[in-house]
Every structure is written in structure tokens, then in C-alpha cells.
Amino acid sequence: MSVQPTENYQFETGVYRPPSEGGSFSLLVRFTRNCPWNRCGFCAMYKTEKFQLRPVPEIKADIDAIAALCNALTDSDGRVCQDAAVRLISRRPALNNHPGFAMVYHWLHAGGKTAFVQDANSMIMPTDALVEALGHLRHTFASIVRVTSYARSKTIAQKSPDELVAIHQAGLDRLHVGLESGDADLLKHIKKGVTPENHIKGGQMAMAAGFQLSEYWMPGLGGRQMWEQHARNTALVLNQINPHFIRSRPLNTVPGTPLCDDEAAGRLTMLTAHEQLRELKLMIQTLEVTSRVCFDHAANYWTDRRGNLLFTHSYEGYKFPEEKPKVLERIEQGLLTDNHRPSRLLL
Ligand code: SF4
């Protein structure tokens, strides 16, 4: 770790990161603030906040401050040290209220291996700025083996193939993309701001540039009105991208969002657990990929008759096509009951 001799520990930490980055205790480094699109009908994450690009010197100063904090938290062998943390807090009590202090401490404890670049769409940064910021992050923390970020399909597709390769080579390994649906009508209805063609082009370009790609889809998003076209067209779009990971994030309507208003007005009829599984069955049957299909979120709550979760919540999920029959068999088990209350993890 290259560290400046400073006691400036001030750096920003955003609120959101994918669950899989929480599972690996990723370092959160904020390159932009909030979401440059901010119009998706189901999303409440950044609704009251304005998007801002951050100047590269500001991002680099944050990275230097994190490095200084790491230095203060480790012993001469580079190991994170609880005594050092206690000494630091007694010298600088304000660190107790620092949102990034515990995050950095746990990141060091986990080996300092992974980082997540915040906030909602880092690929919106000018390519040279993104490359410079990534280079500083990688140069400062040699222990990092994986850097990931959220990105929108359309933004990826607006970069040239050479720009994408440059960003990947600067140290960004994995992109988390909110696909939500592959159905044109539904994408328009939820104001995703992309077409199925944009999703396919962005996904294929990300794959061609060498990124690991995680695509998130939202079971239940079309409600009873659009479930069938949502299931089928989502699978067909994913078939053309064939990303490394496909992650299920079933719809929960959030108060204050347009989709919640749709539900209240009867324009969106939420699926029952049984209907969700019927949609899931059609989607999985249509899916022809070599991806890992993951149910790594508590919203994947379906159970079998014995009360076991239907799917593992592991971040690595199920390897397709090998484990596709197993996933379909679990769906059949879920369809045998209406009592979907998770009691324990199925491992
Ligand atoms: S792009 Fe992502 S963060 Fe932005 S509004 Fe849509 S779902 Fe929310």
C-alpha cells in the first residue's frame, strides 16, 4: 500500500452496493454521487438526490485518505490491529461517527481483496477520468484483486470497444447491470430508459471487452398483466448476452415510487408466490446460457413443503446448463405448496 504521511481520514462513502460486495466486505470507493438516470419506476434509492460527477483529484484524495486510515489501523507487518483501532479512536473520537471507518476496518480484516466503485453508474464518467481514478486505486492498494461497479447497459454501449478495454485494463473487473426485464413494453412502462436491443448491445460489448458481467432481473415486475412476455423475453435477451452471472431480485414495490402507485390504482396486480414460481419456471425453461444463475437476495423467499428455502442464497448460485434441471426441479417442489415462509437455508 502506498501511503502519504497524513492524518486526513476524510473520504466519502455512498449508501448502496450489491449484496455480493457486502459478502466479500468490499472497500467502497465513491467515484460519482447518486444516479444519472434516476427515473426507473420501481426504484427509490436516489430519488431525492442529484447526480454529480466527482473531479478526479477529489477521488484521489479520498483514496489517499483511505490509505492513511489503513496505515493507522495496521501494525508493522501490515496486519489489521484492534489495539491500533482503539488508540486511533481515543486520539480522534470523531472517527466513531465516520461512515467509512468500520467499512475500512472490516475490509482490512477480510484481507483487503475487493473494492466496489460507487454510486449507480460509474461508466458515465469520461473514460480518461475513470481510467485515471482506477489506476490510482489499483496503485495505492496492491492487495486488491477485484474491482466492480454498477453500470447501465446504454452507457456501456455508448463507449467505444477501445474505451471499454482501456477501462477494464485500468483495473475494473466486473460490472453489475440492472437488466430488470428483456421485454420492450415493460422496459418502457417502468421507464428503464433502455430497449432490449440496448441491453443486448451493452451486455455483449461488456463481455467482448473482458469484463465479468452480472445481470440483475426482476421476477414479478410485469405483475399479472405482463408476466408471460416478461419471463420469455427476459430469457431471450439474456440468451444473447450470456453473462457470467444472472441474479434474481424479485419485485417489492416501494412507497413513493410509480410502481407502488400503479399497484394502488390496480394497474399492477402483484403475483402470488405460486404465480411468481410459474413465471420463474417459464423464464428458466427458456434460458439457454452458460451463466451462473443466482438467487442471492432475501426477496427470493420461496420454500418447499418442508419449509426449506427453494434456492441457495449463495453468491455463486447454480451453474447452467448443468444445474438447470436442478433449479427446475426445485421450482416444481415450490409449486407443491402455498406456504412460502423461509425457515432455514437450503445448502
Ligand atoms: S438506474 Fe439503477 S439506481 Fe438509477 S433509477 Fe434505475 S434502478 Fe435506480
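The values are calculated or read from the model by the stated rules, or taken from the named source; none is laboratory data. Please read all numbers here as calculations on a predicted model, not as lab measurements. Here the Cβ positions follow ideal geometry from the backbone for every residue, glycine too, while neighbour counts run over all protein chains shown. The protein model used for the area step is the full one, side chains on, heavy atoms only, and it has no ligands, DNA or RNA in it. Shrake-Rupley method; radii C 1.70, N 1.55, O 1.52, S 1.80 Å.
Numbers at a glance
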quantity: Residue within segment 68-79 that is closer than 30 Å to Arg249 by Cα and either modelled with pLDDT of 95 or more or away from the ligand (no atom under 16 Å from the Cβ) (or both) present; calculated: no
quantity: Only one of Asn8, Asn38 that is within 30 Å of Gly222 (Cβ to Cβ) and not in a helix (DSSP H, G or I); calculated: Asn38
quantity: Segment 109-132, residues that are in a helix (DSSP H, G or I) and open to solvent by less than 10 Å² (accessible area, probe 1.4 Å); calculated: Ser122, Met123, Leu130
quantity: Selected residue [outside any helix (DSSP H, G or I), out of contact with any Cys (no Cβ under 6 Å at 6 or more places or on another chain) and surrounded by fewer than 21 Cβ atoms within 10 Å (Cβ to Cβ)] from Arg267, Arg224, Arg232; calculated: Arg267
quantity: Residue selected from segment 36-56 under the condition away from the ligand (no atom under 16 Å from the Cβ) and farther than 26 Å from Asn96 by Cα, by the criterion least open to solvent (accessible area, probe 1.4 Å); calculated: Val56
quantity: Filtered residue count, segment 93-108, keeping only those that are touching a residue at least 12 places away in the same chain (Cβ under 8 Å) and either within 16 Å of the ligand (Cβ to nearest atom) or open to solvent by less than 70 Å² (accessible area, probe 1.4 Å) (or both); calculated: 9
quantity: Count of segment 321-343 residues which are touching a residue at least 40 places away in the same chain (Cβ under 8 Å) and either in a loop (DSSP other than H, G, I, E, B) or of a type in the set (Phe, Trp, Tyr) (or both); calculated: 5
quantity: Segment 235-254, residues that are open to solvent by 50 Å² or more (accessible area, probe 1.4 Å), within 23 Å of Pro19 (Cβ to Cβ) and of a type in the set (A, V, I, L, M, F, W, C); calculated: Val254
